[in-house]
Amino acid sequence: MIESAKKLRAIYEKKPYAPFFQREFGFYCLEKWKQQGYIDENTNLDELFGFDPQGNYDIGQLGWTLPSFEPSFENKVIENRDNYDLVQDESGRHVLFFKGRRNGFMPEYVSHPVKDWKTWIENVKWRLNPDAEERIKKFQKILPEVLKAQEKGMIITERVIGGYMYLRCLIGPLELPLFFYDHPDIIHDCMKSWLELADRITAIHQKHIVIDELFFGEDICYNHGPLISPKMIEEFLFPYYQQLITNIKARQKSAGRHLYFHLDTDGFAVSVIPIYRKLEMDVMSPFEVASGCNAVKYGIEFPDIAIFGGIDKRILAKTINEIDCYVQTRRIHPNL
């Protein structure tokens, strides 16, 4: 087993005095750095920033912030509005962008693809067909890499768009809360399709590999807590989560191998920890500091979960001296 995998597994297993695992959360300015001459195509970013070598392998074929549609909607401009373009994105959402720009700001979401039974069935549901040939081809293409990673002892991660993130993308964040009340039958049918796709695809993957980590991109919290009630979480999401987890565990080739359940959500996530612990959640990230998530404080309160993140990303927009000061202060006074 390679050293980075040993190190990461020690954290997942919550071994006493497990070391910190240092890795990037996302580079969003690589092209600008290249243009400015700081890096080039051959730059090893792990060495440059002192990060640990990769300790896990993300399969990444079941969506994350967007559903895994096959085929996707056509990404196209559907209307010109003076300084703006109204765009249909790959998830079928109608999004208002500044003309000629797609990144660097928060776009305005005008509408979402699921509005009723008709739009769900005719426009969306068939795109979640687990038997789409392209899904199999994509996995076969990366299978040699996955097998090599498994031989190295790396954590094999199955990323899945979480139920809330998925429903929000289909229906819209403003429309979704009332949709639970007005159209619970559509919600359940959407989640049945979510489960069927995730279950069938993970079953195909498990014919070849052992899944170490089930990682949900959920984003179910805002700055004061969950965006839907605990009752809604347990009624509309948990039955499908529990079934998927049970099925994956039953199919594992390595008997007794622990399946780590990792939840990713921005916002003040502390209030949902006891809820997701009912599904035996092992890991949570990114513990957003701006929303009051203090990794040290709540790590003491919830010692049975591993926490990743806990860095105030707002500091990264400031000067080098301010960043250095923040990091040094956190070393000495971690509760700050």
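The values are calculated or read from the model by the stated rules, or taken from the named source; none is laboratory data. Quick caveat, the model's predicted, so the values are computed rather than measured. Counting neighbours? That spans all protein chains shown, and the Cβs are built from the backbone with ideal geometry, glycine included.
Of note:
- Selected residue (criterion: farthest from S91 (Cα to Cα)) from residues of region 104-140 that are outside any loop (DSSP other than H, G, I, E, B) and basic (K, R): K137
- Unmet criterion (only one of (1) assigned to a helix (DSSP H, G or I); (2) surrounded by 15 or more Cβ atoms within 10 Å (Cβ to Cβ); (3) in contact with a Leu (Cβ under 6 Å, 6 or more places away or on another chain)) for M281: (1)
- Those residues of region 303-321 which are on the phi < 0 side of the Ramachandran plot, of a type outside the set (V, I, T) and buried (at least 16 other Cβ atoms within 10 Å of the Cβ), in sequence order: A306, F308
- Test: residue in region 108-126 that is under 20 Å from I209 (Cα atoms) and assigned by TED's automatic domain parsing to the domain that holds R257: no
- Of all residues in region 22-59 being touching a Ser or Thr at 6+ places or on another chain (Cβ under 8 Å) and of a type outside the set (A, V, I, L, M), the one that is surrounded by the most Cβ atoms within 10 Å (Cβ to Cβ): G55
- Considered as a group, the residues in region 141-161 that are assigned to a loop (DSSP other than H, G, I, E, B) and under 23 Å from the mean Cα position of the chain (by Cα) include one that is surrounded by the fewest Cβ atoms within 10 Å (Cβ to Cβ), and that residue is G153.
- Filter result for D324 (assigned to a loop (DSSP other than H, G, I, E, B) and either surrounded by 14 or more Cβ atoms within 10 Å (Cβ to Cβ) or more than 20 Å from the chain's Cα centre (by Cα) (or both)): no
- Considering the conditions (1) under 17 Å from the mean Cα position of the chain (by Cα); (2) surrounded by 19 or more Cβ atoms within 10 Å (Cβ to Cβ), I245 is excluded by exactly one of them, (2).
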